[in-house]
Every structure is written in C-alpha cells, then in structure tokens.
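Down below is the structure, laid out as structure tokens.
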Amino acid sequence: MRRAEIDAARPGSEHPIEGFPGGSISARLFRAIQYLFDTGGKEMGIVSAMDLRGLRYFVAVAEEGNVGRAARRLHMSQPPLSQRIRVLEAELGCELFVRGPKGMSLTAAGDVLLEEAKALLASAERARERVFQQVEGVRVLRVGVLGPGEATLSAARAAAFAHSHPQAVVSLRQGDLTDPTMGLAAGLVDVTITWTPFDESGLTVRAIQADRCFAAVAARSPLAEKTSLTREDIDHSSSIRLPGGVDATWRAHWQPSASAHGPEVHSLDECLHAVLWQQSIALVPESALERHAVDGIVYRLVTDLPRTRLVLARRRDDRSPLVAAYIDAFSTA
C-alpha cells in the first residue's frame, strides 16, 4: 500500500463505531490504519525516530539491556538498531542509555521515555484492536502470560472455549518478571495467567492449581548435593535479583534471598542463564520444571517456602461476559 492508496480510502463499505467521528469507518481506512501501525509510517515519509517502530526498538533495547539481544528479539541486525537508538537520542537531545562493558542501563530520561513508550504502544494496539473488532465483527480478548502461560492450561478446555465463542480472538501478550500481572491494572490486558503471590488490590483472582516451589541450582554447586533446601540454605548463596520497583509481595516470594547480590534478571530464561553460568539461585514452580529442564541445572524442593498458585486474574470492575467466560472455562473443575 502506497501514499496514494492510503489517501484514496473513502467511506464505502462502512461500519458503525460508537464515539467515532461521523459514526462509521470504511474497511479501506481500517486497512490504512493497520498498515501505518505495522510500518511505523515509513511509506508516508514519516522518518522520525519517535514513530511506533522506533519506540518498539527503544523498548526492546531497554528491556533487554543489550543491543545484541534486542536485535535478536526484533529479528534484525545489530548495526541499524544501534543507529536507530542514536538517532532517537539525537532527536530528543539527551542520552537515554548509559553504555558499559556489561550492557546498557537507562538514564533518568530513558526511564521516563520507557514508561511513556509502553503506554503509547499499548494505546496504539488498543486502537487497532477496537477498529478491527468493529470492522470484522469480532471481540479481541487480550491475555497476558508469564512464561509459558497458556501452555499450562487444558488444551481440551481451550478448544471448547474457541468452539463456544467463535467470534472471539485471543491475543497473547508475553510478560516478564517486572510485572506479575502484565499490565492488567493499567488496562494493557483483559486477563492475566500468572503465579502468586502479588498485590491483588482491585483484582479478582481465580486459582487453577497450587504448586510447590523449587530452587534451580547449578549442578556443580555444593547445594546440588542436597536432596532439598531451606530458605536459610539459599540466603547463604548468590541468588538472582528482580528489577527495582517490582511488586513488593512478588519480590518477597520469588527473589530467593532478601540480600540478593546476583545478576538482575527480567525473564525466566535470564534466570536459568544466571544459574548455569554464575551459579545463582532462582525459584521455579513445580509444574514448570519439565518445560525448563536444562543440562547443568538441577531442581531442589524448598521445604519452608509457601506454595504458589497458578491463577487467572481480571480487573474487579471489568464486567465483560467474554472475560468471565474465559476464566470460567479454565478455572472450573
């Protein structure tokens, strides 16, 4: 689609949208919106580093803390990504990252932009989904997942839900360890599949199963010789650190040691990397052990750690029948 095609979008096959200027939108205009979202406006001559694509690049680098890892996540080469970040900094007139031999960390300005960029991208995604829902006559259900998420749910129940709600499209948002609810309170998702404990204020939580917690330990560590561990064992060992600002209840359970001095991690993959290479300790729910079997890592039960629960969470003020149906489908015995 080129500029002329986008300009040519005129009311034709129209779809009513409540609150939309003029009350309707054409299918061609919807495709134009979709196209601009996907390309970041490049075909329109929009070359600002602050376009949607540029913000996606920035968020990836900020979350990964490393341009190489961010490039792999974005399926692109490293040089153009580095250049795009430099252009963004030049455009804003400030440095967004502190660059060091071990990676990149955000400056104060970078912290502000990360918060705003995530909000802008989420808003753009919601706009696209609302238009899509109106044009196609479907309802998009945004599900936030931590780790494997839906892989822990019953495939038979998933098929039954899809059969009983043929107009529903389930959109997945992969989260990380910085927010156990994947933006649920902020409205970034409608439902979250996650592990407790976390701050449940303003949320309704439905348990699916309870699990014991195991410590991931490097096979060459002296702790691997034990058949089980206690919190005291872990407190005397190096453990992973969760990022600053995370839910305090979440940190108290999932950060193995209160005085953790191991590497800061944002994902379960990073946790396992720290265990394997730096002999740090990380905690994993029992039902996730098989999926995360790694040569060189053993798992030991932490006997005095409370059980965690795999839960489905929703906002307490969300009265959507589709959200309720999705939760009922998986949490009903």
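The values are calculated or read from the model by the stated rules, or taken from the named source; none is laboratory data. Keep in mind that what you see is a predicted model, and the values were worked out from it rather than measured. Note that we place each Cβ from the backbone using ideal geometry, even for glycine, and neighbour counts take in every protein chain shown. Quick note on the areas: whole protein, heavy atoms, side chains included, nothing else; ligands and nucleic acids left out. Shrake-Rupley method; radii C 1.70, N 1.55, O 1.52, S 1.80 Å.
Rounded to 0.05, the FRET efficiency of the GLU290 and GLN209 pair, given R0 = 25 Å and the Cβ-Cβ distance, is 0.95. When each of the peptides 280-286, 311-317 is scored by how many other beta carbons lie within 10 Å of its residues on average, the order from highest to lowest is 280-286, 311-317. Local charge for THR107 was computed over the other residues whose Cβ lies under 15 Å away, with Lys and Arg +1 and Asp and Glu -1, and equals -3.
Of the solvent-accessible surface of region 200-262, computed with a 1.4 Å probe and all protein chains present, 48% belongs to carbon and sulfur.
Whole number in Å², please: accessible area per residue of region 53-133, 1.4 Å probe, ligands, DNA and RNA not counted. Numbers along the way, then the final one.
Values: 4410 Å² over 81 residues.
It amounts to 54 Å² per residue over region 53-133.
Please state the shape class of region 205-276: rounded when a/c is under 1.5, otherwise prolate if a/b exceeds b/c and oblate if not, all from the C-alpha gyration tensor. Oblate shape, in that a/c is at least 1.5 and b/c is the bigger or equal ratio.
Excluding ligands, DNA and RNA, what is the solvent-accessible area per residue of region 195-313 at a probe of 1.4 Å, expressed in Å²? Roughly 47 Å² per residue, with all protein chains present.
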